[in-house]
Amino acid sequence: MIEFRNISKVYKMGEVEFVALKGVFIAVQKGGFISIMGPSGSGKSTLMNIIGCLDTPTEGSYYLDGENVSGLTFDQLSTIRNRKVGFVFQNFNLLPYASAYENIELPMLFNGKKNTERKRRVNELLEMVGLLPWARHRPTEMSGGQQQRVAIARALAMDPPIILADEPTGNLDSKSGHEIMDIFSRLWKEGRTILMVTHDPAIAAFSQSTIRLLDGAVQENGAAH
Amino acid sequence: MILAFFRNLSRDLVRQPLRTILTLSGVTWGTFAVILLLAFGTGIGKQQMKQFRGLGQSIILVFPGQTTMTYNGLPKGRPVQVTPDELRRVKERVPGVRTLSPEFISSRNIRYGREQLLNTVRGVDVPFESIRNTIPGHGRFINDIDVQERRRNCFLGATIAKNLFKGLDPVGQRVMIEGVPFTVVGVMIEKDQNSNYNGQRDTHCAFIPWTTYMTLYGEKYVQNFIVQPSDPALSKQTIAALRNYLGERLGFNAQDKDALFVWDFSDFERQFNVFFTAFNIFLGIIGSFTLLVGGVGVASIMMVVVEERVREIGIKLAVGAKRRDILWQFFAEANCIILIGGAMGFFLAALLLALLPVEKLQEYIGIPKLNPLVGIVTVLILVAIGTLSGLTPARRAAATDPIVALRK
């Protein structure tokens, strides 16, 4: 489902070049639950960004569902992000002035879904993450765990097959963290593909296997838990 | 989507009330200024034209003068003398003359009972009424029989009638002009007029038949005469024909401008219209610049807003917004702010115009008008400024790198 063929990413800052990824090959099957580990600066975020079509590789090809997406324009990639990928971030990245309801609704606004359909889907998701009574509350009125659950509901709004989570439990206490991981496990069992960056081996233990990165290269691929 | 947009916008405007007020005030003030300047501009122009037309519409005033050129052996410096008989022939023979009236003018002592005034008396012919707009509000103007029979009938301006009769009905009453009794046959309506030639404004004058005037005061030649051209657009040709005809008849060169001094009102009106159009354009430009400054304010505020909302933009891009979605969002927001400001300015201007005591000021500034043209021009300027001030911030917003934005 996700296939990297010799992907490299080089950032240029003036004269200085920074190689974030060099010659990465990875393949993730549909329905996989992969954790990505490695020290900071090892290229985890870049890898996630390319998988999530937020960034494009400097070299190499990226096949998503058999389609080479390396050469697509930003707006074409926007459509792919909207339909196929749901992002969950460490700092939640919710719109602070919008309610939980509006935050979850957001991805559907860029897809021309009907009002009634959006309403049904948002309520369904609020119920799933156990926040139906919080629909009208703003993120600032919620705990970290609740905010992350809103973020997961938002990631699921368009029912994407892939969930990308960048240290989803990094800002949470362990109890909330486990609740979040329970939701991810459930999503995985429903058949979604999940890729998750983490530092925490206890969190990585929820996944099927781990990709370890060091200095932009894959050091270890597929260590099963 | 549209609903969500307005929800977003109103939330945004309410969130920072001071900033909203400052942003809106620039546009509101600009619109207010454009509308008021244009409304007053048109009002003043119309009023000036109306007062000016108190003298008559598209008329030609002719004052016989002195020759300054020799003509067929005749020396220069000869006075040009026009008799009423000559004018009758002018009316028949000069092409382009619809009608005309001779005019005799002097200051005379006018008395009714114990009221005594020294006012202008004009000896005129029947067509004077339509040429110079001396419309009776009560009674009638001088008629053909008055002229033929040299009747001692007079027609009074509204002001002189008021001053002499103090509210009494003057029609049918007898006034003494230089000790000679005259019967008042009519009183003129009130009219706006900002100047006159040789004597007081029409509202202060007494009008008598020219035949009576000649007999009583011993005049032989007219002081001036007024021509109404058949076609005001051809007034120049009419004047040329008039000079040719009278030059031949009275012995002066048709090129001799001082033999006949001619005041062509239709030409003056054309210049006047050009002047006021230019005046309005000038006012419009000044107003537009004020509005433009308001637009620059909106643009710079929107730039700040884009900076502040870079994370929001990043989030939207991450969940599938296209760059053009972001572009439209900020472009539409800038335009909405401008339209709200514009609507407020329009409303304030309309309110001011409605509350202004125009009756008291009308003589000077006329009635300021919110005509459709002013509205259309303002909306066009607003749209142009909305486009200009929305595009730059919107493009910057759309160019946001989501990866950088999400890390903030």
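The values are calculated or read from the model by the stated rules, or taken from the named source; none is laboratory data. Everything numeric in this text was worked out from a predicted model, so none of it was measured. Counting neighbours? That spans all protein chains shown, and the Cβs are built from the backbone with ideal geometry, glycine included. We work out accessible area using only protein heavy atoms, side chains counted, and drop any ligands, DNA or RNA first. Shrake-Rupley method; radii C 1.70, N 1.55, O 1.52, S 1.80 Å.
At a glance:
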| quantity | calculated |
| --- | --- |
| Tally, over segment A:48-85, of residues that are at the interface with another protein chain (Cβ under 8 Å from one of its Cβ atoms) and outside any helix (DSSP H, G or I) | 3 |
| Qualifying helices (runs of 4 or more DSSP H) (wholly inside segment B:209-317; at least 2 residues being of a type in the set (D, E, K, R)) | B:235-250, B:265-308 |
| Restricting segment B:262-299 to residues that are surrounded by 14 or more Cβ atoms within 10 Å (Cβ to Cβ) and among the hydroxyl-bearing types (Ser, Thr, Tyr), the residue that is farthest from the other protein chains (Cβ to nearest Cβ) | B:SER266 |
| Matching residues in segment A:49-74 - criterion: being more than 21 Å from B:ALA399 (Cα to Cα), touching a residue at least 12 places away in the same chain (Cβ under 8 Å) and open to solvent by 10 Å² or more (accessible area, probe 1.4 Å) | A:GLU59, A:GLY60, A:SER61, A:TYR63, A:ASP65 |
| Set A:LEU106, A:LEU156, A:LEU77: member being buried (at least 19 other Cβ atoms within 10 Å of the Cβ) and without any contact (Cβ under 8 Å) to a residue 40 or more places away in the chain | A:LEU77 |
| Identity of the residue in segment B:230-286, touching a helix residue (DSSP H, G or I) at 6+ places or on another chain (Cβ under 7 Å) and hydroxyl-bearing (Ser, Thr, Tyr), that ends up modelled with the lowest pLDDT | B:SER266 |
| Odd one out for A:ALA98, checked against (1) at pLDDT below 90; (2) touching a helix residue (DSSP H, G or I) at 6+ places or on another chain (Cβ under 6 Å); (3) aliphatic (A, V, I, L, M) | (2) |
| Residue in segment B:311-327 that is surrounded by fewer than 17 Cβ atoms within 10 Å (Cβ to Cβ), farther than 30 Å from B:ARG243 by Cβ and in contact (Cβ under 8 Å) with a residue 24 or more places away in the chain present | yes |
| Residue satisfying condition, being without any contact (Cβ under 8 Å) to a residue 24 or more places away in the chain and either buried (at least 17 other Cβ atoms within 10 Å of the Cβ) or charged (D, E, K, R) (or both), within set A:GLU17, A:GLU3 | A:GLU17 |
| Every residue from segment B:334-380 that is of a type in the set (S, T, N, Q) and either crowded, with 16+ Cβ neighbours inside 10 Å or at pLDDT below 70 (or both) | B:ASN335, B:GLN362, B:THR378 |
| Test: residue in segment A:163-181 that is among the β-branched types (Val, Ile, Thr), in a helix (DSSP H, G or I) and touching a Ser or Thr at 6+ places or on another chain (Cβ under 8 Å) | yes |
| Residues of segment B:305-326 satisfying the condition of being away from chain A (no Cβ under 11 Å) and within 23 Å of A:GLN76 (Cα to Cα) | B:VAL310 |
| Residue check for A:LEU126: facing chain B (nearest Cβ under 8 Å) and hydrophobic (A, V, I, L, M, F, W, C) | no |
| Residue check, A:ASN93 within 19 Å of B:ASP401 (Cα to Cα), free of Cβ contacts under 8 Å to residues at least 40 places away in the same chain and under 14 Å from the mean Cα position of the chain (by Cα) | no |
| Qualifying strands (runs of 3 or more DSSP E) (wholly inside segment B:42-161; at least 2 residues being touching a residue at least 12 places away in the same chain (Cβ under 8 Å) and open to solvent by 20 Å² or more (accessible area, probe 1.4 Å)) | B:60-64, B:97-112, B:115-124, B:136-139 |
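For (1) open to solvent by less than 30 Å² (accessible area, probe 1.4 Å); (2) in contact (Cβ under 8 Å) with a residue 12 or more places away in the chain; (3) out of contact with any helix residue (DSSP H, G or I) (no Cβ under 7 Å at 6 or more places or on another chain), each residue gets a yes or a no:
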site: A:MET181; (1), (2), (3): yes, yes, no
site: A:SER185; (1), (2), (3): yes, yes, yes
site: A:LYS189; (1), (2), (3): no, no, yes
site: A:THR193; (1), (2), (3): yes, yes, yes
site: A:GLY216; (1), (2), (3): yes, yes, yes
